[in-house]
Amino acid sequence: MKVGNNYYTTVWADGQKVCMIDQTKLPYHFEIFEAESYLQTCKAIKNMVVRGAGAIGAAAGYAMAQACREAPKARYEQAITRARKDIEATRPTAQNLFFATKRVYEAGKQSPQKAVEKARSLAEENIDEGKKIGEYGNTLIKDGSNIETHCNAGWLAFVDHGSALAPIYRAKREGKKMFIYADETRPRGQGARLTAWELKNEDIPHAIIADNAGAWLMAQNKIDMVIVGADRIAANGDVANKIGTLEKAIAAYHYGVPFYVTAPVSTIDFACDHGREIVIEERAEEEVLFQEGPDAQGKWHKISVSSPGSGAVNPAFDVTPAQYISAIITEKGIVEPSQLQNLK
Ligand code: MRU
């Protein structure tokens, strides 16, 4: 994706370093964060310097490759097994993290070089998957559509192209007109900060809406379709995605608005039969109680946005039952949630 005149991917390797666009600074500052060791990459994943299903997967793959290069020859297997556990502990809901870590770990058992090659090829595959999701998803978008999206599932959430925004970018390139409603996505504001930033870069008309505005807009026939990403999909078609997705899906179902999920096949956890088995990440209550950002002079602040002394509960994801999902758009085609087994 282009930022200014330069082409960027969200995450990439540069020798032993893993480089990533620092998503905690966007949309105010465009900075590259460089993780020198696998533990630094783990911290970056945990703190959401890099975030989003596909980008987390690529970063985790690169972290595993870093760990293989760092491991002492004498205790190689023990060290990389320990590193795999560290990486997998960073974001428990994100299926792509486990998918990539496992594959790079297996390659790394042969040699650090094999691990590096595997991590790179997984990141490249992720780019291709996003592109194909865009092509399939575009076929569902009619010219003049009003589309709601939740969280950020654009190119920042993948290595490039994205999942939920990929069809929108493709439709734009084909000359279709659209208007996008971006849910702000509390508490981390991925919609208000990242999706809005991407859409502005792409010159796509949009508005940020409060998280609780979607149902009302649907009730007024202002939304033609909802497109979201996914962090883990159970074999029965239930979808874990950013907290707040479930409410949108129920509202869309109620008002007869098509609700589409986009994800590469690597996000499907065929070993997980039902959505209730998906582990939901609980994040720090601080994320709900405080917000961060610059003042008018650009000075960075962390401010309280809730009654001092009160606690918060902060589940990062929810699970939308398959019955509310019109279709899942993957790089292999568009399938009904009940047909996922065909992609195995
Ligand atoms: O917690 P995050 O920002 O890493 O959330 C993951 C996501 O990007 C979303 O849930 C998204 O909708 C799915 S994947 C692109």
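Restricting attention to region 258-288, and to residues there that are within 12 Å of the ligand (Cβ to nearest atom) and either hydrophobic (A, V, I, L, M, F, W, C) or in the same structural domain as Pro92 (by TED's automatic domain parsing) (or both), which single residue is nearest to Ala53 (Cα to Cα)?
My answer is Ala263.
Of the residues Tyr28, Tyr105, only one is assigned to a loop (DSSP other than H, G, I, E, B) and among the aromatic types (Phe, Trp, Tyr); which?
Only one candidate passes the filter, namely Tyr28.
List pairs: first in region 147-164 and not assigned by TED's automatic domain parsing to the domain that holds Arg188 and open to solvent by 10 Å² or more (accessible area, probe 1.4 Å), second more than 8 Å from the ligand (Cβ to nearest atom) and assigned to a helix (DSSP H, G or I), Cβ under 8 Å, 6+ apart or cross-chain?
none
Name every residue in region 85-120 that is out of contact with any Gly (no Cβ under 9 Å at 6 or more places or on another chain) and among the hydroxyl-bearing types (Ser, Thr, Tyr), in order of residue number.
Those that are out of contact with any Gly (no Cβ under 9 Å at 6 or more places or on another chain) and among the hydroxyl-bearing types (Ser, Thr, Tyr): Thr90, Thr93, Tyr105, Ser111.
Please indicate, with yes or no, whether at least one residue in region 60-79 is small (Gly, Ala, Ser) and within 29 Å of Ser326 (Cα to Cα).
No: zero hits.
Can you find, within region 1-25, the residue that is farthest from Ile56 (Cα to Cα) among those that are β-branched (Val, Ile, Thr) and assigned to a strand (DSSP E or B)?
Val3
Identify, by number, the condition in (1) crowded, with 16+ Cβ neighbours inside 10 Å; (2) in contact with a helix residue (DSSP H, G or I) (Cβ under 8 Å, 6 or more places away or on another chain); (3) among the small types (Gly, Ala, Ser) that Ser304 doesn't meet.
(1) is the only condition that Ser304 fails.
Among Glu292, Glu285, which is the only one that is modelled with pLDDT under 95 and at negative phi?
None of the other options fit; the residue is Glu292.
Which one of the conditions (1) touching a residue at least 40 places away in the same chain (Cβ under 8 Å); (2) open to solvent by 40 Å² or more (accessible area, probe 1.4 Å); (3) of a type in the set (S, T, N, Q); (4) farther than 22 Å from Ile243 by Cβ does Gln323 fail to meet, given that it meets all the rest?
Against the list (1) touching a residue at least 40 places away in the same chain (Cβ under 8 Å); (2) open to solvent by 40 Å² or more (accessible area, probe 1.4 Å); (3) of a type in the set (S, T, N, Q); (4) farther than 22 Å from Ile243 by Cβ, Gln323 comes up short only on (4).
Failed condition for Ala182, given (1) in a helix (DSSP H, G or I); (2) under 30 Å from Val279 (Cβ atoms), with all others met?
Status for Ala182: all satisfied but (1).
For region 61-109, give me each residue that is open to solvent by 10 Å² or more (accessible area, probe 1.4 Å) and touching a strand residue (DSSP E or B) at 6+ places or on another chain (Cβ under 7 Å).
Tyr62, Gln95
The values are calculated or read from the model by the stated rules, or taken from the named source; none is laboratory data. Every value quoted in this text rests on a predicted model; they were computed, and no experiment measured them. Cβ coordinates were reconstructed from backbone atoms using ideal geometry, including for glycine residues, and neighbour counts include every protein chain displayed. In case anyone asks, the SASA skips ligands and DNA or RNA and just uses the protein heavy atoms, side chains included. Shrake-Rupley method; radii C 1.70, N 1.55, O 1.52, S 1.80 Å.
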